[in-house]
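Worksheet: the structure to be examined is printed underneath.
The values are calculated or read from the model by the stated rules, or taken from the named source; none is laboratory data. Everything numeric here is computed off the predicted structure, so don't read it as measured data. Methodologically, a virtual Cβ is constructed for each residue, glycine included, from the backbone with ideal geometry; neighbour enumeration extends over all protein chains shown. Just so you know, the surface numbers come from the protein's heavy atoms only, side chains and all, with ligands and any DNA or RNA stripped out. Shrake-Rupley method; radii C 1.70, N 1.55, O 1.52, S 1.80 Å.
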Amino acid sequence: MTDHGQRFAGKRAIVTGGASGIGRATVLRLAAEGAEVLAVDMNADALDALAADGIATRTGSVADEATARAIVGDWAAGGAIDVLVNMAGVIRSGHVAETSLDDFLWCVHVNLGSTFLMCREALPHLERSGGNIVNAASTSSQFGHPFLAGYAASKGAIAAFTQSLAWEYMKRGVRVNAVAPGSIGTPLAQSVQTGMVAGADWDLYTHMQAPNGFQEPDAIGGVIAMLASRDGAHMNGAIVRVDGGVHA
Ligand SMILES: NC(=O)c1ccc[n+]([C@@H]2O[C@H](COP(=O)([O-])OP(=O)(O)OC[C@H]3O[C@@H](n4cnc5c(N)ncnc54)[C@H](O)[C@@H]3O)[C@@H](O)[C@H]2O)c1
């Protein structure tokens, strides 16, 4: 990997969704730059591969209140928390007219709920360390995704939550930003291609896909590291679109 320096030397971070895709790339990037990282995910097998590389891991659902509290509390017992990266996320397609309330709220519960819970638990520690948060918005936060309305609604809410939290903590020394990725090659993005609900008009997707194709997760991991590092010190409440320019 490119030598990006040691911007996170002596820093301690938590990355949710750390076993796969963008979260995993962020774990590896922060660790390569000197951070002590806790990778959190529901996928125990995928976490094992990171553990073999010397990364601290924790299996559990960050959408569960008691689990989120325990994860943050236990990591804080070992020292400061300087960075929280909330990348855990789920996606499911459907026609709005055929979607039950429970199905619609599933993405909201997991994506928005876990982001809220982890932020709430980590904020007192981040206030002490002068730390910061990076959340996972999406191009759908601002521009929408057809047949993925529950997912897009969860991501729009994460963008609004991020900006609200940035205001609330602006004078208290905690920065809160989000990335809004698009066209990143991960299992989640792949599942949209393979798991699309029957009858969806695929042509509606073409305008959302980067003409240069799906990019590696580190294209986002590098931006997250910038936001979370001293290089992002003047960035707060930013929703940083990283999609190859397709929504420019
Ligand atoms: N890939 C893209 O193009 C893209 C675009 C916009 C936004 N995003 C967002 O980026 C984030 C990372 O997505 P990715 O593309 O790397 O997907 P991914 O599927 O590779 O990774 C998501 C990880 O989150 C974990 N996870 C899901 N629910 C969890 C829970 N309740 N508790 C703990 N872990 C949980 C999964 O096990 C998985 O390892 C997501 O929030 C996603 O919505 C991705």
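Observations
- Boolean, ARG92 is within 13 Å of the ligand (Cβ to nearest atom), among the charged types (D, E, K, R) and either open to solvent by 50 Å² or more (accessible area, probe 1.4 Å) or within 16 Å of PRO187 (Cβ to Cβ) (or both): yes
- Residues being more than 19 Å from GLU36 (Cα to Cα) and surrounded by fewer than 18 Cβ atoms within 10 Å (Cβ to Cβ) - total across the range 79-89: 0
- Flag for THR162 being within 30 Å of SER100 (Cα to Cα), more than 12 Å from the ligand (Cβ to nearest atom) and surrounded by 21 or more Cβ atoms within 10 Å (Cβ to Cβ): yes
- The range 21-78, residues that are surrounded by fewer than 21 Cβ atoms within 10 Å (Cβ to Cβ), among the basic types (Lys, Arg) and in a helix (DSSP H, G or I): ARG69
- Residue satisfying condition, being outside any loop (DSSP other than H, G, I, E, B), among the small types (Gly, Ala, Ser) and either in contact (Cβ under 8 Å) with a residue 60 or more places away in the chain or farther than 18 Å from THR16 by Cα (or both), within set ALA210, ALA198, ALA225, ALA248: ALA225
- Boolean, SER154 is under 23 Å from GLU65 (Cβ atoms), away from the ligand (no atom under 14 Å from the Cβ) and part of a helix (DSSP H, G or I): no
- Hey, ALA51 more than 10 Å from the ligand (Cβ to nearest atom), at pLDDT 95 or above and within 24 Å of ARG69 (Cβ to Cβ) or not: yes
- Tally of residues being within 16 Å of the ligand (Cβ to nearest atom) and part of a helix (DSSP H, G or I) across the range 165-188: 2
- Flag if ARG92 is charged (D, E, K, R) and within 20 Å of the chain's Cα centre (by Cα): yes
- Considering the range 95-128, and only residues there that are touching a residue at least 60 places away in the same chain (Cβ under 8 Å) and assigned to a helix (DSSP H, G or I), the residue that is farthest from the ligand (Cβ to nearest atom) turns out to be ALA122.
- Residues in the range 6-20 that are open to solvent by less than 30 Å² (accessible area, probe 1.4 Å) and free of Cβ contacts under 8 Å to residues at least 40 places away in the same chain: ALA19 alone.
- Failed item in (1) in contact with a His (Cβ under 8 Å, 6 or more places away or on another chain); (2) in a helix (DSSP H, G or I), with ILE81 passing the rest: (2)
- Tallying residues that are more than 18 Å from GLY244 (Cβ to Cβ), among the aromatic types (Phe, Trp, Tyr) and open to solvent by less than 20 Å² (accessible area, probe 1.4 Å) within the range 178-233 yields 0.
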